[in-house]
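In what follows, a single structure is set out as structure tokens and then discussed.
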Amino acid sequence: MPMPALLRSLESRPSLRSPADITLGMVFAELTAARSAHQLDRVSSRPVPAAGGRPDRLLTSLEACVAALAERRLPVPPALRDELRLRRRLWSERR
């Protein structure tokens, strides 16, 4: 399974030497930040940007989180799995 872009970008930091150096805490912190940004976008009066050709930050963060768990052979919590499934479906309908 290829590493999601978020994990590759975290890996490129000079203090990180390998994908194993990327902790679950870092991945979950990015997921929390993406959820906060998404919530802010939902309640703000700013116009919603066009779908464009790139996935949204929340979808990317969810995929990275699930990939990090799978890489470590840890179970994916049902709520996280369901949220990822929902975001994927929403993204595919927007395209």
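Any read-out appearing in this document is the output of simple, stated calculations on the displayed coordinates, not a laboratory observation. Keep in mind it's a predicted model, so treat the numbers as computed, not measured. Positions of Cβ are generated from backbone atoms using ideal geometry, with glycine treated the same way; all protein chains shown enter the neighbour counts.
Among 70-80, 29-39, how do they line up by average Cβ neighbours within 10 Å per residue, starting with the highest?
Details: 70-80: 10.8, 29-39: 14.9.
Peptide ranking by packing, descending: 29-39, 70-80.
So how far apart, in nm, are the two label points at L80 and S44 if each is 7 Å from Cα heading toward Cβ?
2.7
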